[in-house]
Structures are given as structure tokens and as C-alpha cells.
Amino acid sequence: MSSSTLTVKNNRLTRELTINRMAIYQQCKVVEAYQGDQKYFIFFHKDQYLTYVRTRKPKTHSFVGKVMKKGLILNNPHPLVKTILSNYPHLEKLSIDNLFKKLKKQYPLQEAALISTYFESFIKKEKIIDYIKELYYIQRRDGKLFSCHQLLQLLKDFSPNHSLIQTFSGDLQIASYETLYKNNDASLIDKDPIYAEKYLTSIRPSKKSFQKLLYLYEKQDRRIDVIALYLKRVIQTKSDEVYQSLLAALDSYDIDLEYLELYEDLYKRGLAADSFLYNLLDLYMENEKVDKALTLIHKHNLTVTPLKQEYLGSLIEQHNFSSHSSDPDHLRDLFLLILDFANERVSQKILHEGVVSLLKNNKPSYVSEWLKTFEHRSFTQPLIQKVNEMCVMIEDPNQQGKLGQLYHYFHQPQKAIDCMSWEMELRNEDPQPVQWLAKLYGEIGNKEEQQAYKQMYIRMMKES
């Protein structure tokens, strides 16, 4: 499984889905994936896989609708998405009926009831209510009255106007716990953590609610949820203090994360604390993302130490900028940053490479216009002069030999061959174009043509 796909299996049928994003909300994680236009939701409780469903569009007010609206949305690729899916090379389909049977055996009954509500968009609501009712009576028969009240609270949250609520609330032994909930008693975070989490995620985010959720997640050893909680908080506050706490949490957990993906996601969401920007710069340099490092330095006016300047200079010299030639405007902006940063020798080399890349798909007149941005730098004049000469020569049939030599200088052998072929036709007694053609065909690996022109050149020299 790559970071962009996952494999699902239903009986003998296997499908590869493209991962779009993941939402984290309370104890639930939902991965949204596609096969063509068909949408899939893959459900997790905490970090444990449950099942997947095919869907079109969930109801706006359903649980999944709420997850997608109120949860932390992580677009793929993201290291937390990768971490959640890493333990599952393929995901087996489990029918919701079989899942409900399994839940009663593997989870406390309150958690089983909670998980059943995740699937509100995919089965009849009454079926979920019957399931919660069944779990309620199991607890009632066992004399677990507080557990019954916990299930009652879940039912109130899931279907607040259902007639069962009045029936269950009429049980005086169970109703005696109602005061705890009405007063939002501090002990509920330990006595009924599911209710506490629902309540804390429903109110306006604050430092106090954040600290309570952090306590709850750390107590339950929900490491991914701790990181997600910090991410959501740092996105909300843009605070360096919260960012430092996030770093401490990441350091304390043994979770293998792609930090660059994590940092780039936070940067896109507007985090711009100084310490964060310098850490992001370090990651760009470690991963040799030269253009991104330069853009970050320029945009935020970052101070770079002499040691880092030297290292970045060496990265610039080694970097292949030809991949940017398809976007000349971006290449020009990138080179402007380089000229402000690199020494003259490196700048000359990089600018030459830029011209080589641009000439592959553009006429000399276009490249000449592109170079005007750099003409205020004295060391660029020899390069600009050569390109300007090409612009004149391209219109003059008598200058094709010299034009071919300039194309060769800029590593355009095929264009040089075209010029020299024209020159040879025009000056059929001159051996120099023939000598050039032998050289150029050799450079592109055409041994047959190289040999033919070599022989022609030898013959012409003997006859002269």
C-alpha cells in the first residue's frame, strides 16, 4: 500500500482506493477514499479498524456529517493518516450486523453503543436504538445502574426525542445519577469519559477544555488523539507556546512520523511562529527542498547563519533546476532569490542552466525577454549577449553555422544539427560544418551518422 492508496476486500473482491482525507472527531476516525466517483468511508474507533461502507453523501446532521464538519480534517498525504493505516495492509469488509455482534464481545457495552451510532447514515436509526436498548437491559439485569445511566445519556445525545428516554428516565434508581450530569460534575471525566468527551468537544474551545481533553486522552493512552488535539489547538491559536507543547508530545511518543508533511500542513493552515518557521527551514534543507527553503527565507525575512548559508549554497549548486522549466515565471522568481543569496560563481552556473532548460522548448527571443529581469547584474551580461546574438542570427541564413555553435554551447545538440545541416547545404565545399555534424551526432549517440560525416570530412580534407 502506498501513501496515496489503500486496499479493501469484500469476500474475494479486492479494490484499490485513492485516499482523500481523514477526519478525527472524539473517539472516531473516518478515512474518506474513492474508486473513480464512488466514495468510501473507512471507520476506526480510536485507532482500531471497524469496517468500511460505500456511500454517496452522508446526511448533514448524521454522525458522519458531524465528523466531517467539526472534526480535525487531515488531507492526504499526512503522517497521521499514514500512521492509522500502516497496520492494515488490507481492510476486510464486515457487515454492520456482524460488527454489532462483535462489538458486544470486544468492547465495554457503553463503547459498543457509542460505536453503533457512527453508522446512522447507513442503517435505520431504529435499529441502532434497538441495539442500545438491548445493551441497556443487559446492564440492568446485571444491576449496573450507573452503566445504565451512561447508556441513557448516549441515547439522549443520539435521539433526544425518542420515547425510550422517558421510559428509562422513569427508573428512579437510575434517575438518581441525573444530578451528576446536570451539574457537569468534575468527577464525570473519570466516571463517564465518553459523556465528558462529548461535552468538552461540543463547547467553545478553550484552554480549560483543552487541558481536560488532554488529561482524558493521556489517561487512556490515546497517543494519536493527543497529537491531533495539539494540532487542532495550534491551528486555532497559532500559538508558539502550544507549538512547543506539540513538539514535546511528539518527542515523548515513539511514533514514526513524516515531519516534513506535518510541518507543511501546519504552514498551509497559517502557523507562522518564528520557532516553527526556522524548524520548517531546517526540514526543507535536510530534505534538499531548495526552492521551498529559498521562498521561506524570502517571504518571512529569516536570518540564516553562516553555516546554513554555506550548506544552502552547496545545495543550490547541486540542484537540478530543469524540472522548473515548464513554469518559466516560477523559475525566474526562484532565480531572483538565488541571485540574492548565492555567490557570483554559483549564480552564473545556475542562470546558465536555466537558459539551457528554457531553450529546449522556447525560441531565443523568448529567453532573451526572460533574461531582462537579470540584466542589472553585471556578471549576467556575457550570457545575455550570447542569447541576443542568437536572436539576430536565427533570422540570417548566412549565420546558421555560428548559431549552431551557440546552440551547442547551450547543450541543444538537435537544434545545432539543424543549423549545421543548413550551413553545410549553403557552403557545400566548407568542411567545418561537416566536422561539426560528426561531433554533434557523436554527442547524441548516433554512431552511424557520426561515422558517415567523419568519412565525408576526411574525403573533403584530402580533396582540398
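For this structure, a couple of remarks:
- Residue that is at pLDDT below 95 and in contact with a strand residue (DSSP E or B) (Cβ under 6 Å, 6 or more places away or on another chain), where the choices are H90, H61: H90
- For the range 182-196, the count of residues that are among the aromatic types (F, W, Y), assigned to a helix (DSSP H, G or I), open to solvent by 80 Å² or more (accessible area, probe 1.4 Å) and at pLDDT 90 or above is zero.
- Single condition F276 does not satisfy, out of (1) of a type outside the set (A, V, I, L, M); (2) open to solvent by less than 30 Å² (accessible area, probe 1.4 Å); (3) more than 28 Å from N76 (Cα to Cα): (3)
- Residue, most open to solvent (accessible area, probe 1.4 Å), within the range 296-348, restricted to residues that are farther than 22 Å from E264 by Cβ and among the aliphatic types (A, V, I, L, M): L307
- Extreme residue, surrounded by the fewest Cβ atoms within 10 Å (Cβ to Cβ), among residues of the range 248-261 that are free of Cβ contacts under 8 Å to residues at least 24 places away in the same chain and assigned to a helix (DSSP H, G or I): D251
- Subset tally (residues that are farther than 14 Å from K82 by Cα and touching an Asp or Glu at 6+ places or on another chain (Cβ under 7 Å)) for the range 2-20: 1
- Looking only at the range 369-381, and only at residues there that are free of Cβ contacts under 8 Å to residues at least 24 places away in the same chain and in a helix (DSSP H, G or I), the one that is farthest from P328 (Cα to Cα): S378
- Residues in the range 116-159 that are in contact (Cβ under 8 Å) with a residue 40 or more places away in the chain, within 16 Å of F100 (Cα to Cα) and aromatic (F, W, Y): Y118, F119, F122.
- Residues of the range 142-173 that are closer than 28 Å to H61 by Cβ, modelled with pLDDT under 85 and among the aliphatic types (A, V, I, L, M): L164, I165.
- Elements of the type strands (runs of 3 or more DSSP E) sitting completely within the range 1-59 and holding at least 2 residues that are surrounded by 18 or more Cβ atoms within 10 Å (Cβ to Cβ) and touching a Phe, Trp or Tyr at 6+ places or on another chain (Cβ under 7 Å): these cover 28-35, 38-45, 48-55.
- Residues located in the range 236-246, provided they are surrounded by 15 or more Cβ atoms within 10 Å (Cβ to Cβ) and in a helix (DSSP H, G or I): T237, D240, V242, Y243, S245, L246
- Residue ID - modelled with the lowest pLDDT, chosen from residues in the range 319-338 that are over 20 Å from H298 (Cα atoms) and part of a loop (DSSP other than H, G, I, E, B): S325
- Of all the residues in the range 205-222, those that are open to solvent by 80 Å² or more (accessible area, probe 1.4 Å) and under 17 Å from Q244 (Cα atoms) number 2.
- Test: residue in the range 161-170 that is under 39 Å from the mean Cα position of the chain (by Cα), under 26 Å from E120 (Cα atoms) and open to solvent by less than 60 Å² (accessible area, probe 1.4 Å): no
- Helices (runs of 4 or more DSSP H) wholly inside the range 65-117 that include at least 1 residues being under 17 Å from T5 (Cβ atoms) and open to solvent by 70 Å² or more (accessible area, probe 1.4 Å): 79-85
The values are calculated or read from the model by the stated rules, or taken from the named source; none is laboratory data. It should be emphasised that the depicted structure is a prediction, and the values quoted were computed from it without experimental measurement. Using ideal geometry, Cβ is built from the backbone for each residue, glycine included, and neighbour counts are taken over all protein chains shown. These accessible areas exclude ligands, DNA and RNA; they are computed on the full protein's heavy atoms, side chains included. Shrake-Rupley method; radii C 1.70, N 1.55, O 1.52, S 1.80 Å.
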